[in-house]
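Nothing in this text is a laboratory measurement; each read-out follows from the coordinates by a stated rule. The structure presented is a predicted model; accordingly, all values stated were derived computationally and were not measured. Here the Cβ is made from the backbone with ideal geometry for all residues, glycine too, and neighbour counts use every protein chain on show.
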Amino acid sequence: MEILEKLFTENTTSIHIKSNNNVLAKVGTPGNWQLITLDYKFSKEELTNIINDILKNSESLIEISRENTKVIQLNRYRIVVVLPPVSEEIEITIAKPIRKLTLEDYLRESNVSDLLRKRIEKQAEGLLIAGAPGQGKTTFAQAITEHYASLKKIVKTLESPRDLQVSSIVTQYSKTHANINEIYDILLLSRPDYVIFDEMRNNEDFNLYVDLRLAGVGMVGVIHATSPFAAIQRFIHRIELGVIPSIIDTVIFINKGKIEKVLMLSISVKVPEGMLDPGLARPVVEVRNFEDGTLEYEIYTFGEQTIIVPVKKISQELLDELNTKVYENVKLILGNKKFKVETLNPKYAIIWVNEKNRKDIIGKKGKIIKDLENILNMKLEVKTFDY
C-alpha cells in the first residue's frame, strides 16, 4: 500500500490504475477537479502482488468479495478491485476523502440560513442527501453523523463499503455482511435515534429506509440524483402518496461540495394549482423551497395516476397587471357601481359585487360573464358582499 500512497497528493481524491497503462489521478475538490496522467505504470504481476498485500493487511475490511470483484476499506482508503473477465485488464480504483468538514462549515460556506441547523436538529426525521456522483454527498453525511453524535444522540450508520470517517462512538454496520432482516432487527432492537444510510441504490435499500422510518427511527439517506426533486421521484412509485411526507420531510442537494438547495415536504387537502373547481380538492403533497417557502412542485393523484406538477412562480407584478386588466373590463360593464376584483392566478379571478348588482355582471342566462371570460381567457367567479 505504501507504493500506492505515493501516488496521492494532498488534493488527490482518487487514483485509477489499469495494468500496463499510465496511472490516472483526479485532483481537486468535489465538482472542481481535473484528471492528471501520472508517470507510473504497473504490470499485471505487480498489480496482483499489490492486491494480495491489501487483502492480507490486518487493517483491511473486505466489504465485498466476489470471484472477480472486491471492495476493501483500508483505513481512509476505499479500494475497488476488478479482475478479468469482468474487465479486460486488472483495474484498481482507490479513493480517499480530502476534507473533513463540520455542519457549521457547510452552513457558513454554502451561505444558507441558520434555520437549516434547527430543522436538522429538531424537525428533520426523514432527511435525504442528494447529489450527482463525486459532488461531496458522503462528506456531508459524515458531517451530519458527527453533529448528531455531538448532540448526545445514538447514531448508527449503514454503509457498503464503510468509508465514513466518524468517531468511534458511532457504530458502523455493513449491509453486505448481513441480510436485510438481520439489519432491520438489529437497528430496531438497538434503538438508535438516527440511522445514516449511505449509498441507497436498489429496492431493498429503499424498502429498508421506509420501514425504519415508519417504525419511528430518524433516517438520513444518501442518494444519487441530478436534482433535489429527482431524489423524491425515486420514492414516489414505491410508497403511497399520503405517506411520502412522513418518509421524507427534507431534501438537501449537494453540488460541488456545498449545499445548493434545500426542499421541504408537507401534505394538505386543497385544490391543486391550475384547477378551479372546489370539488376537485384532494390530498396534495407540497414541495417547497426551504429558504423562501416558495411552492415548487405539487404531487397528487388524479384517477389512478400520480401527477407531478412543477408550480411556476407568478410574480406579484404580473398578478397586479392582470388584476388591473380584469378591473378595467368589469368597470366598462358596471360603471360607477361598487365592486372589487381579486385575481388569484392567471386563469382565475373573483369579482365581488353588491347583491343588487349581481345580475348586471352575470347577464341573462350568464351571457355577460361568459363573454367576459372569453375576452380575458380566464375563469371568473361572481361573489357578493353586503356593503
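Quick one: of the DSSP bridges fully inside the chain, what percent are antiparallel, nearest 5? The partial results should precede the final answer.
Numbers: 62 of 92 bridges.
So the antiparallel bridges amount to about 65 percent of the total.
Label-to-label distance, ASN329 versus LYS118, with points set 7 angstrom from Cα along the beta-carbon direction: 4.4 nm.
For the stretch 166-180, 3J(HN,Hα) computed residue by residue from phi via the Karplus equation (6.51, -1.76, 1.60; θ = phi - 60°) reads 10, 5, 5, 5, 8, 7, 10, 9, 9, 6, 7, 9, 8, 7, 4 Hz, glycine and proline entered as x.
Measuring nothing but how far apart in sequence close Cα pairs (under 8 Å, 6+ apart) lie, relative to its length, the chain scores a relative contact order of 11 percent.
Return one number: the angle in degrees, 0 to 90 and rounded to the nearest 10, between the long axis of the Cα atoms of helix 137-150 and the longest principal axis of the Cα atoms of the chain. For helix 137-150, the angle is close to 90 degrees.
With only Lys, Arg, Asp and Glu charged, each at its Cβ (+1 for the first two, -1 for the last two), find how big the charge dipole of the chain is about the Cα centre; round to the nearest 20 debye.
On the way: 52 positive and 52 negative charges, 319 e Å.
In debye, rounded to 20, the chain gives about 1540.
For the pair LEU280 and ILE154, label points projected 7 Å from Cα toward Cβ lie 4.9 nm apart.
Show that you can apply the helix-only estimate: for the chain, add -39,500 (n - 2.57) for every DSSP H stretch of four or more residues, divide by all residues, and state [θ] at 222 nm to the nearest 500. Working shown, then result.
Numbers: 12 runs with 111 residues, N = 387.
-8000 deg cm²/dmol, from helical runs alone.
Between ASN21 and GLU304, the FRET efficiency from the beta-carbon distance, with R0 = 51 Å, is close to 0.45. How high is the FRET efficiency between LEU344 and ILE236 when r is their beta carbon distance and R₀ equals 30 Å, given to the nearest 0.05? It comes to 0.60. Each of (i) 0.95; (ii) 1.15; (iii) 1.06 is a candidate for Rg/Rh (Cα atoms, Kirkwood Rh); the one calculated from this structure is (ii).
Among PRO310, PRO272, PRO97, which one shows the biggest mean-square fluctuation in a GNM of the chain, springs joining Cα atoms closer than 10 Å? Looking only at PRO310, PRO272, PRO97, the largest GNM fluctuation is found for PRO310. Note on the chain: dipole from Cβ charges, positive end direction compared against ILE36, TYR348, GLN123; the farthest Cα belongs to TYR348. In this structure, the amide hydrogen of ALA132, modeled 1.01 Å from its nitrogen in the peptide plane, lies closer than 5 angstrom to those of ALA225, counting only residues at least 5 positions away or on a different chain.
For the stretch 287-318, which GluC sites (Glu not before Pro) are in a loop by DSSP, counting at most 15 other Cβ atoms within 10 Å? Present the calculation step by step, with values, prior to reporting the outcome.
Values: sites: GLU291, GLU296, GLU298, GLU304, GLU317; in loops: GLU291, GLU304.
Sparse-neighbourhood loop GluC sites (Glu not before Pro): GLU291, GLU304.
Spin-label model, ASN52/ASP185: points 7 Å from Cα along the beta carbon direction are separated by 4.0 nm. Consider a paramagnetic label point 7 Å from the Cα of THR29 along Cα→Cβ; state which residues of the stretch 104-136 have an amide N under 13 Å from it. Label zone hits: 105-111, 136. Straight-line reach from LYS261: taking Cα to Cα under 17 Å and skipping same-chain neighbours fewer than 8 places apart, the aspartates and glutamates in range are GLU104, ASP105, GLU109, ASP114, ASP249, GLU286, GLU291, ASP292, GLU296. The phi torsions of the stretch 326-340, fed into the Karplus equation with coefficients 6.51, -1.76 and 1.60 and a -60° offset, translate into couplings of 5, 4, 5, 5, 5, 5, 4, 8, 8, x, 8, 5, 6, 7, 9 Hz, rounded to whole numbers, with Gly and Pro shown as x.
On a straight-distance basis, which lysines could pair with LYS96 in a cross-link, Cα separation under 22 angstrom, same-chain partners fewer than 8 positions away excluded? Hits, sequence-local ones excluded: LYS6, LYS18, LYS26, LYS41, LYS56, LYS70, LYS137, LYS156, LYS175, LYS256, LYS258.
Normalising the Debye intensity of the stretch 1-95 to I(0), with uniform scatterers on Cα atoms only, and taking log10 at q = 0.14 Å⁻¹ returns -0.49.
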